[in-house]
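The values are calculated or read from the model by the stated rules, or taken from the named source; none is laboratory data. Predicted model only: the values in this text are computed from it and were never measured. Because the Cβ atoms are built from the backbone with ideal geometry, glycine has one as well, and the counts that use them run over all protein chains shown. Keep in mind that these areas ignore ligands, DNA and RNA; they rest on the heavy atoms of the full protein, side chains included. Shrake-Rupley method; radii C 1.70, N 1.55, O 1.52, S 1.80 Å.
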Amino acid sequence: MTRKGQINELDCRTAESMVARYINHTLKTDELEEFLDHIEHCSSCYDELETYFIVNKVTQQLDEQEDGSTLDFQSLLEQDIRKSRRYIHNRRCMQLAGGTLTILLSGILIIFLVFVIFEIKRFW
Ligand SMILES: [Zn+2]
């Protein structure tokens, strides 16, 4: 089930193939965003992710030999998705900041060079 109309939308097959990589945190930032956009409005893929997530957590829990307290998987997954969204946001901000800084430094360098050339000409 997919809402139609968006251009960069993933199809369910691609989204499903990304579930395991989402769990293992090996998706690239862009892939991660596309994946999250998809599962937010595709209940069948969300269910797929949820199942995978729960299996993964249960396995982890068995490994860690926890005190038998039942985990709230639903909210754990929601937490995980929110964390992923924040991660994307942070990455985007860093990229933006990096780009701005580069432009700023280039600008300063150009002004500095113009100034130096101007000064050299003045003394000749
Ligand atoms: Zn789907």
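Side notes on the structure shown:
- Given (1) open to solvent by 40 Å² or more (accessible area, probe 1.4 Å); (2) modelled with pLDDT of 95 or more; (3) hydroxyl-bearing (Ser, Thr, Tyr), number of the condition Thr2 does not satisfy: (2)
- Filtered residues of the range 39-55 (kept if open to solvent by 50 Å² or more (accessible area, probe 1.4 Å) and more than 9 Å from the ligand (Cβ to nearest atom)): Glu40, Asp47, Thr51, Tyr52, Ile54, Val55
- Residue pairs whose Cβ atoms lie under 8 Å apart, sitting 6 or more positions apart in sequence or on different chains, and linking a residue in the range 11-30 that is near the ligand (Cβ under 10 Å from one of its atoms) to a partner that is among the small types (Gly, Ala, Ser) and in a helix (DSSP H, G or I), are Cys12/Ser44.
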